[in-house]
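Below is one structure, written out as structure tokens; comments come after it.
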Amino acid sequence: MKIANVQAIHLRIEDPNIGLFDGSYDTCVIVVTTDGGLTGIGEVESLPTAIQGIIDAPPAHSHARGLRELLIGEDPTDPERLWRLMYDSTDYVGRRGLMMHAIGGVDLALWDIAGQVRGKPICELLGGARRDRLLAYGTIYPIAKDPDGVRRQVREAAGMNLRAFKLCADPWWMDDLKLTARLLRAAREAAGDDAILIVDAALSYTSVHEGLKLIPLLKDVGSGFWRPAPAG
């Protein structure tokens, strides 16, 4: 079985919130088809038209190749080998950023095909499941700028039977740390002591020194995937 085609499909929903730092409205689906009739699906939240360009591009030279022409004719059942092939064949223009986004989306589609060929869930191909349940969390973004608004957002999420809540930071958090502290405390009050609060840094600060300013605030509300064990 050989790869017959690689497509990057841009999906976009025009919505008033599309300008937010949120990939829910604009994304890129990767479709890898084979000559044996199998289709693998991947997805990458990035700049879709740029991902399309990376996949569709003709080769410039041996270390700057488009992913479609590179992969057509290859055996799709060995994703690890093909990941290395994609990385090595684009390292002059890649190694990070958009190229890694594109490679990641294709990689998902290749693992999809590998699972279909072997008749196994992909987790088994990666070493087996480590748990039979996963904790769901609700993302709150953008967070309200007043404590009452934050409490309302968390309570709405709690009404969906969630017990873990992710708050996405914004650059304005750094402008008034006292306000930010009040907002985080309001989230903890609404969530309850037993809930899990997660803070996604979300590119909201630009240096370690800025980020360290948030640490006391986060410790105060017990934010993170873990909480200290009770004494004794």
- Message: Which order do the peptides 47-53, 159-165 come out in when sorted by mean C-beta neighbours inside 10 angstrom, highest first?
- Response: 47-53, 159-165
- Message: Through the Karplus equation 6.51 cos²θ - 1.76 cosθ + 1.60, θ set to phi - 60°, convert the phi angles of segment 130-136 into ³J(HN,Hα) values in whole Hz; use x for Gly and Pro.
- Response: 9, 7, 9, 9, 10, 6, 8
- If only Cα atoms are counted, what is the Rg of the chain, and what is its Dmax, in Å? 21.8, 64
- Task: Please report, in cubic angstrom per residue, the volume enclosed by the convex hull of the alpha-carbon atoms of segment 23-152.
- Result: 157 Å³
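Rounded, prolate or oblate: which fits segment 31-87, taking a ≥ b ≥ c as square roots of the Cα gyration tensor eigenvalues, rounded meaning a/c under 1.5, else prolate when a/b beats b/c?
In terms of gyration-tensor shape, oblate.
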- Let me know the charge dipole size of the chain about its Cα centre in debye, to the nearest 20, where only the beta-carbon of Lys, Arg (+1) and Asp, Glu (-1) is charged. 760 debye
- Message: Through the Karplus equation 6.51 cos²θ - 1.76 cosθ + 1.60, θ set to phi - 60°, convert the phi angles of segment 80-90 into ³J(HN,Hα) values in whole Hz; use x for Gly and Pro.
- Response: 5, 5, 6, 4, 5, 4, 5, 5, 5, 8, 10
- Search the structure for amide H atoms under 5 Å from the amide H of Ile143, placed 1.01 Å from N in the peptide plane, and list their residues when 5 or more places away or on another chain. Cys168
- Message: Residue by residue through segment 39-53, what is 3J(HN,Hα) from phi via Karplus (6.51 cos²θ - 1.76 cosθ + 1.60, θ = phi - 60°)? Round to whole Hz and write x for glycine and proline.
- Response: 10, x, 10, x, 8, 9, 8, 7, 9, x, 5, 5, 4, 4, x
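Every number here is computed from the coordinates shown, using simple stated rules; none is lab data. Nothing here was measured: the structure is a model prediction, and the numbers come from that model. Positions of Cβ are backbone-derived with ideal geometry, glycine not excepted, and every protein chain shown enters the neighbour counts.
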